[in-house]
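Beneath this line is the structure, given in structure tokens, with notes to follow.
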Amino acid sequence: MTTTQDKKAGPPRWLVKGVAPVAKAVAGRRWFPLWGVVHHVGRRSGIRYSVPVALVPVARDDVFLIGLPWGARTNWAQNVLGAGGARVTWKGQDWSATAPRLVGAQEAATLAKPVMRRLVGSGRFPAFIVLAH
């Protein structure tokens, strides 16, 4: 049995329309380190996209950790996995992000800063994507 969530991974359109303008305005800026922008190419269309994302603070300085609240089938995540990487704008700088991989809450919690581990490991996010930089 498939559910609507199984058929289409992603946030409700009304939420995107309401939040997107604010997210695009602040994501990737030096003064707003919680959000970054993932720049990727559509795996089928070849169209370039820029998606604002919330970055989980990590204990290491060589990876990005991004929660996938809508699941691993989220289009941008599938595009990044298919391409083998993306460009991430974070703290006002562009980073080459490579070696993408999906991880579960437990592995993500080990990467997160101690203050975030409980939230990350709680299972509220069905998946995370890790990118090396």
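The values are calculated or read from the model by the stated rules, or taken from the named source; none is laboratory data. Computed from a prediction, not measured in an experiment: that's the story for all the values here. Positions of Cβ are backbone-derived with ideal geometry, glycine not excepted, and every protein chain shown enters the neighbour counts.
Looking at the stretch 59-117 only, could you name the residues that are closer than 19 Å to ARG44 by Cβ and among the β-branched types (Val, Ile, Thr)? Correct list: THR74, VAL80.
One line per residue, one yes/no per condition, for (1) more than 19 Å from TYR49 (Cβ to Cβ); (2) of a type in the set (Val, Ile, Thr); (3) over 14 Å from the mean Cα position of the chain (by Cα):
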| position | (1), (2), (3) |
| --- | --- |
| ALA77 | no, no, no |
| GLY84 | no, no, yes |
| PRO100 | no, no, no |
| ALA108 | yes, no, no |
| LEU111 | yes, no, yes |
| ARG118 | yes, no, yes |
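What helices (runs of 4 or more DSSP H) lie completely within the stretch 58-133 and have 1 or more residues being touching a Gly at 6+ places or on another chain (Cβ under 7 Å)? Full working, then the answer.
On the way: elements: 75-83, 105-111, 114-120.
Correct list: 75-83, 105-111.
Just one of (1) under 26 Å from VAL19 (Cα atoms); (2) in contact with a Lys or Arg (Cβ under 8 Å, 6 or more places away or on another chain) fails for PHE64. It is (2). Which one is surrounded by the most Cβ atoms within 10 Å (Cβ to Cβ), of the residues in the stretch 38-94 that are aliphatic (A, V, I, L, M) and without any contact (Cβ under 8 Å) to a residue 40 or more places away in the chain? So the residue we want is VAL53. Criterion first (farther than 21 Å from ALA23 by Cβ, not in a strand (DSSP E or B) and not hydroxyl-bearing (Ser, Thr, Tyr)) does ARG43 satisfy it? For ARG43, the condition - farther than 21 Å from ALA23 by Cβ, not in a strand (DSSP E or B) and not hydroxyl-bearing (Ser, Thr, Tyr) - is met. Looking at (1) touching a strand residue (DSSP E or B) at 6+ places or on another chain (Cβ under 8 Å); (2) at pLDDT below 95; (3) closer than 24 Å to SER122 by Cβ; (4) not acidic (Asp, Glu), can you tell me which one VAL63 breaks? Of everything listed in (1) touching a strand residue (DSSP E or B) at 6+ places or on another chain (Cβ under 8 Å); (2) at pLDDT below 95; (3) closer than 24 Å to SER122 by Cβ; (4) not acidic (Asp, Glu), VAL63 misses just condition (2).
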